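Below is one structure, written out as structure tokens; comments come after it.
The values are calculated or read from the model by the stated rules, or taken from the named source; none is laboratory data. Not measured: the values here are computed from a predicted model. Quick reminder, even Gly has a Cβ in these numbers, built from the backbone with ideal geometry, and neighbours come from all protein chains shown.
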Amino acid sequence: MGIQTWQSRFVSEVDAGLVEELLTAESEPAAESSASIISSRADVSSMDWAQLQQTVASCQLCELHSSRNNTVFGTGNQNADLLIVTEAPGADEDLAAEPFVGPVGELLDAMLKAIKLERQQVYITNVIKCQTPDNRNPHVSETLCCDPYLQRQIALLQPKLILALGRIAAHHLLVSQESLASLRERAHKYNGIPLLVSYHPAYLLRKPVNKRKSWQDLLKAKQLLSSR
Ligand code: URA
């Protein structure tokens, strides 16, 4: 399996053109420029877990703060080897203030058990920390607001492996628009950390036929974890 090195961060100079292009895509509401979003973000780069969680809980950088009940920061072992990143909390997670509750969470737990991991052993978080209205996909401007929080979580955690579940998380972390099918076929890196892409458990509930491919991805993840 070839490791594709992708060292860039989401909003590096290299990516600025792509970010602007995404922000002006038809599906986006009239968005602020990436420069103005970036300048309004807090510097969280030296925060510890508690400070970061507090900052997320009081975040009002984008409109999603006005419809949330709770922010969903992330959960699990802050020394985990495996970090799972998915897209955004849903309505149940917004109420519980915790990622992956309900049937989708049960499937995620079963997937982890299949590679002999309990939820408490890994760390789980989302690209964005607030629920979106009607579960719509997050806008690029929203992911841009939340990006420093995820970056800081990754820097604090220093996992051995990041598993991006679903297209939104994979596209965000890899600054890519390639199909999930092609992204899951190779290993990537995020700031030097190995990253694999696989299916979102909610998608697997709708399309169980892909569980076999998901199982193959989980085995790759297990192998990578035990080799490091
Ligand atoms: N789907 C996600 O992407 N994240 C959650 O926390 C729950 C469902």
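Numbers below:
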{"quantity": "Among residues of the range 133-143, those that are touching a residue at least 24 places away in the same chain (Cβ under 8 Å) and surrounded by fewer than 21 Cβ atoms within 10 Å (Cβ to Cβ), counted", "calculated": "3"}
{"quantity": "Which listed residue is under 11 Å from the mean Cα position of the chain (by Cα) and not aromatic (Phe, Trp, Tyr), from Leu174, Leu117, Leu112", "calculated": "Leu174"}
{"quantity": "Hits in the range 160-182 (condition: out of contact with any Pro (no Cβ under 9 Å at 6 or more places or on another chain) and farther than 22 Å from Arg41 by Cα)", "calculated": "Leu163, Ala164, Arg167, Ala170, Ser176, Gln177, Glu178, Ser179, Leu180, Ala181, Ser182"}
{"quantity": "Single unsatisfied condition, Ile124 versus (1) among the aliphatic types (A, V, I, L, M); (2) surrounded by fewer than 18 Cβ atoms within 10 Å (Cβ to Cβ); (3) near the ligand (Cβ under 10 Å from one of its atoms)", "calculated": "(2)"}
{"quantity": "All helices (runs of 4 or more DSSP H) inside the range 127-209 with 3 or more residues being under 26 Å from Cys59 (Cβ atoms)", "calculated": "140-157, 167-174"}
{"quantity": "Matching residues in the range 65-75 - criterion: being surrounded by fewer than 21 Cβ atoms within 10 Å (Cβ to Cβ) and either within 12 Å of the ligand (Cβ to nearest atom) or assigned to a loop (DSSP other than H, G, I, E, B) (or both)", "calculated": "Ser67, Arg68, Asn69, Asn70, Thr75"}
{"quantity": "Selection within the range 196-216 - touching a residue at least 40 places away in the same chain (Cβ under 8 Å) and closer than 22 Å to Asn126 by Cβ", "calculated": "His200, Pro201, Ala202, Leu204, Leu205, Ser214"}
{"quantity": "Selected residue [near the ligand (Cβ under 10 Å from one of its atoms) and either free of Cβ contacts under 8 Å to residues at least 12 places away in the same chain or of a type in the set (Gly, Ala, Ser) (or both)] from Ala114, Ala110, Ala88", "calculated": "Ala88"}
{"quantity": "Answer residue from the range 22-54, given it is among the β-branched types (Val, Ile, Thr) and more than 21 Å from Ala80 (Cβ to Cβ) and is modelled with the lowest pLDDT among those", "calculated": "Thr24"}
{"quantity": "Matching residues, the range 154-167, being on the phi < 0 side of the Ramachandran plot and out of contact with any Ser or Thr (no Cβ under 6 Å at 6 or more places or on another chain)", "calculated": "Ile154, Ala155, Leu156, Leu157, Pro159, Lys160, Leu161, Ile162, Leu163, Ala164, Arg167"}
{"quantity": "Test: residue in the range 104-111 that is within 20 Å of Lys220 (Cβ to Cβ) and exposed (fewer than 14 other Cβ atoms within 10 Å of the Cβ)", "calculated": "yes"}
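To keep it simple, each residue is scored yes or no on (1) away from the ligand (no atom under 16 Å from the Cβ); (2) of a type in the set (A, V, I, L, M); (3) buried (at least 21 other Cβ atoms within 10 Å of the Cβ); (4) under 16 Å from Leu83 (Cβ atoms).
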{"site": "Cys145", "(1), (2), (3), (4)": "yes, no, yes, no"}
{"site": "Gln153", "(1), (2), (3), (4)": "no, no, yes, yes"}
{"site": "Gln158", "(1), (2), (3), (4)": "yes, no, no, yes"}
{"site": "Leu161", "(1), (2), (3), (4)": "yes, yes, yes, yes"}
{"site": "Ala164", "(1), (2), (3), (4)": "no, yes, yes, yes"}
{"site": "Gln177", "(1), (2), (3), (4)": "yes, no, no, no"}
{"site": "Ser182", "(1), (2), (3), (4)": "yes, no, no, no"}
{"site": "Lys207", "(1), (2), (3), (4)": "no, no, no, no"}
